[in-house]
Amino acid sequence: MNRVVSILLVGLAGALVLSVALGSVPLPLDRVLAALAFQSSQGDELVVWQIRLPRALAAAFVGAALGMSGAALQGLLRNPLAEPGILGVSATAALFATFVLYFGLATAGPLVLPLAAVAGALIATLLVALAAIRTRSVVTLILIGVGLSSFSAAIMALLMNLAPNPFSLADMVNWMLGTVDNRSFDDLIFALPFMAIGVVVLLASRRGLSALALGDEAAEGMGLDLRRQRLAVIIGAGLATGAAVALAGAIGFVGIVAPHLVRPFLRYDPARLLVPSAMLGALILMLADIGVRVLPTDSELKLGVVASLLGAPVFIWIAARRRLA
Amino acid sequence: MSILQASGLSYAVDGKPLVVDAGFSLEPGELTALIGPNGSGKTTLLRLALGLLQAEAGSASIDGEPVARLSPVERARKIAYLPQARPLVWPQPVRDVVSLGRFAYGAALGRLSAGDEAAVSHAIGACQLDGFEERAADTLSGGELARVHLARALAAETPLVIADEPVAALDPRYQHQTMRLFASMAQGGHGVLTVVHDLDLALRYANRVLWMHEGRIVADGTPEDTFTSERLRRVFGIQAEISRNGASFRLDILGPA
């Protein structure tokens with residue numbers, strides 16, 4: 001197995017242990033372990049099984065989906081700055097989810113919310129990819145993403161402006177800022193299938209991303225079915241990102257930071273990048289979520305806020321240092 | 001038998017014809033140069049012949065099979081195509097870029113078969129990139145990069161190579177070396193079609209020259225038969241003299257006509 005993958009595996013295991021061990025209720029490690037084995041008090045088991053574990057797993061899955069979607073979109077659009085957050089995919093997915101919440105449609109069934117988020121993500125990915133293929137300009141692409149993000153944010157602001165009561169307002173703020181607080185195994189179960197399909201589609205089409213490193217024209221000449229490749233990445237990234245948003249709201253920059261950090265260790269190959277990017281994305285969000293929980297702030301920081309605080313400077317750094325194309 | 005046979009190819013954008021009724025065939029053992037002024041439709045013609053662009057009229061077939069019916073992978077195993085624009089985005093090592101030439105054979109980076117490895121090493125040697133294998137693409141000069149792309153195309157080991165201005169960024173030494181490489185490939189039974197802007201190179205190395213002007217193929221034949229002062233003036237708008245000295249030809253370009 002690859003060295004990077006091994007190191008990330010160890011990191012993930014450590015982060016999972018920390019996530020379960022740390023929290024607002026102090027719980028010694030032996031009681032945590034006992035609770036994990038159902039050998040403890042009901043209170044301890046509740047904390048570990050109903051609160052900490054689903055929350056840690058939600059952070060991990062969301063980070064993995066965003067990390068892999070970012071890596072795949074960057075490979076397809078040949079741009080290290082492409083990412084679900086930057087391209088407006090997360091914001092659009094969050095908007096669709098908020099819409100469903102606002103009009104009370106989410107009570108119709110547990111699948112309504114993930115479906116809405118996935119639909120929003122797919123539409124946004126399709127729009128951005130169409131624009132990217134038409135213009136072939138990196139700058140235009142980012143600007144279209146910024147425009148899409150702003151437009152989604154504007155409609156979101158409009159909905160908040162018209163919010164009937166403070167509770168729905170608080171709900172919408174959560175979607176916008178992104179958090180894995182209060183996630184249950186049920187939430188996971190309804191989001192994971194979409195995420196899994198997205199990940200499988202991305203992994204199945206990853207070899208084509210290597211070919212795209214030489215440009216559309218050369219890749220086509222080399223035997224790549226360009227239409228199928230684009231469609232696979234759009235669908236895969238749309239499903240994975242949509243499911244991530246359904247689970248945690250809009251969390252930005254993970255999809256940019258994770259691939260960027262592992263890329264040099266994988267010889268800059270866009271195909272081999274997918275799995276380590278997913279793993280590092282998961283690790284980053286799990287660690288950020290632990291930070292959010294143990295930081296002694298009056299009201300808990302939102303995960304998406306922390307991700308942006310850490311990720312936005314990295315985005316600027318990558319943009320300022322680009323050399324090729 | 002021809003490897004590639006194109007006939008009556010036509011293509012227009014917004015009513016402006018880019019390629020009009022163009023036909024040609026490529027034979028194994030021949031180095032064919034496609035020449036013509038800027039905007040004469042050379043690149044479009046190549047893309048039509050490869051099936052990368054849907055022709056409005058006419059057809060192209062590879063080994064007797066219409067390109068429209070070939071899958072991208074089947075086509076890529078018969079023709080290696082080196083496009084004019086070669087944007088590289090990631091600072092990948094040279095060996096990895098060349099290895100992408102094995103894409104049509106199912107190769108993935110980091111998992112090359114022994115056959116893939118051999119083809120890649122051979123292409124790296126042929127393009128004199130030994131010692132550059134682990135260099136990052138963004139540290140290479142324009143000429144080195146052009147050779148990397150050429151090596152990528154050669155690594156596919158196809159019966160036919162189609163290159164769009166492969167020598168544009170190269171210094172004279174590598175221009176001649178590249179043309180020699182093409183000539184020796186042709187002697188070895190490959191078919192090679194290359195777009196060149198340096199008429200001297202076409203005259204010196206090509207067995208056959210396709211002349212393109214305003215979307216049409218206006219001449220097709222050996223350099224000896226097709227290089228005339230009159231044609232150079234008409235197609236390229238230049239005043240030039242051709243002189244024969246024994247077996248070799250000399251082209252003197254005096255200036256714009």
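What to note about this one:
- Close amide H partners of B:L210, meaning residues 5 or more places away or on another chain with modelled amide H under 5 Å apart, are B:A33, B:L34, B:I35.
- In order along segment B:93-107, the Karplus-derived 3J(HN,Hα) couplings, from 6.51 cos²θ - 1.76 cosθ + 1.60 at θ = phi - 60°, round to x, 3, 4, 5, 4, 5, 4, 4, x, 8, 3, 5, 9, x, 6 Hz, and Gly and Pro are given as x.
- Solvent exposure ordering (accessible area, 1.4 Å, most first) of A:D298, B:D21: A:D298, B:D21
- The radius of gyration of the Cα set in segment B:1-127, together with its Dmax, comes out at 16.8, 50 angstrom.
- Computed from the alpha carbon atoms alone, the convex hull of segment A:52-321 holds 117 Å³ per residue.
- Were the residues from A:L309 through A:I197 laid out at 0.36 nm apart, the gain over their Cα-Cα distance would be 37.3 nm.
- Nearest-ten-degree value, helix A:303-321 long axis tilted from longest Cα axis of chain A: 30
- Area of B:K16 that stays accessible when all protein chains are in place (1.4 Å probe, Å², to 10): 120
- Calculated diffusion of the protein assembly as shown, Stokes-Einstein form, Kirkwood radius summed over Cα pairs, 10 °C and 1.306 mPa s, µm²/s: 60
- For the protein assembly as shown, the share of accessible area belonging to carbon and sulfur comes to 60 percent (1.4 Å probe, ligands and nucleic acids excluded).
- Over all other residues within a Cβ to Cβ distance under 13 Å of A:A15, the charged ones net out to +2, with Lys and Arg as +1 and Asp and Glu as -1.
- Counting only residues at least eight positions apart within a chain, or on another chain, the lysines with an alpha carbon under 19 Å from that of B:K16 are B:K42.
- Interface size B-A, as summed buried accessible area [1.4 Å probe, Å², nearest 100]: 2800
- Only protein heavy atoms count here; under a 1.4 Å probe, B:D225 has an accessible surface of about 110 Å².
- With every protein chain in place and a 1.4 angstrom probe, the accessible-area ranking of A:W49, A:W317, B:W211, largest first, reads A:W317, A:W49, B:W211.
- Within the shell defined by Cβ-Cβ distances under 11 Å, the residues around A:P110 carry a net charge of -2, with Lys and Arg each +1 and Asp and Glu each -1.
- Solvent-accessible heavy-atom area per residue, rounded to whole Å², over chain A at 1.4 Å: 43
- The alpha-carbon atoms of segment A:36-117, seen along their principal axes, cover 52, 33, 15 angstrom, with the largest extent given first.
- A:D289, A:D187, ranked by accessible area, largest first (probe 1.4 Å): A:D187, A:D289
- Listed values for segment A:280-293 are Karplus-derived 3J(HN,Hα) couplings in whole Hz (6.51 cos²θ - 1.76 cosθ + 1.60, θ = phi - 60°), namely 5, x, 4, 4, 4, 5, 5, 5, 4, 5, 4, x, 4, 6, and x replaces Gly and Pro.
- Projecting the alpha carbon convex hull of segment B:177-236 along each direction and taking the average yields 4.2 nm².
- Karplus (6.51, -1.76, 1.60) ³J(HN,Hα), θ = phi - 60°, over segment A:211-224, in Hz, Gly and Pro reported as x: 4, 5, 4, 8, x, 4, 5, 5, 4, 5, x, 7, x, 7
- If you bin all the Cα-Cα distances of segment A:250-298 at 10 Å, starting from zero, the percentages per bin are 26, 43, 22, 8, 1.
- Long-range HN-HN contacts of B:L4 with modeled amide H, under 5 Å: B:L26, B:D63
- In this structure segment B:24-152 gives 36 Å² per residue of accessible area when probed at 1.4 Å with all protein chains present.
- Cα shape, segment B:4-226, gyration tensor, a/c 1.5 rule: prolate
The values are calculated or read from the model by the stated rules, or taken from the named source; none is laboratory data. Keep in mind that this is a model prediction, so the values were computed, not measured. Every residue, glycine as well, gets a Cβ built from its backbone with ideal geometry; the counts of neighbours run over all protein chains shown. Keep in mind that these areas ignore ligands, DNA and RNA; they rest on the heavy atoms of the full protein, side chains included. Shrake-Rupley method; radii C 1.70, N 1.55, O 1.52, S 1.80 Å.
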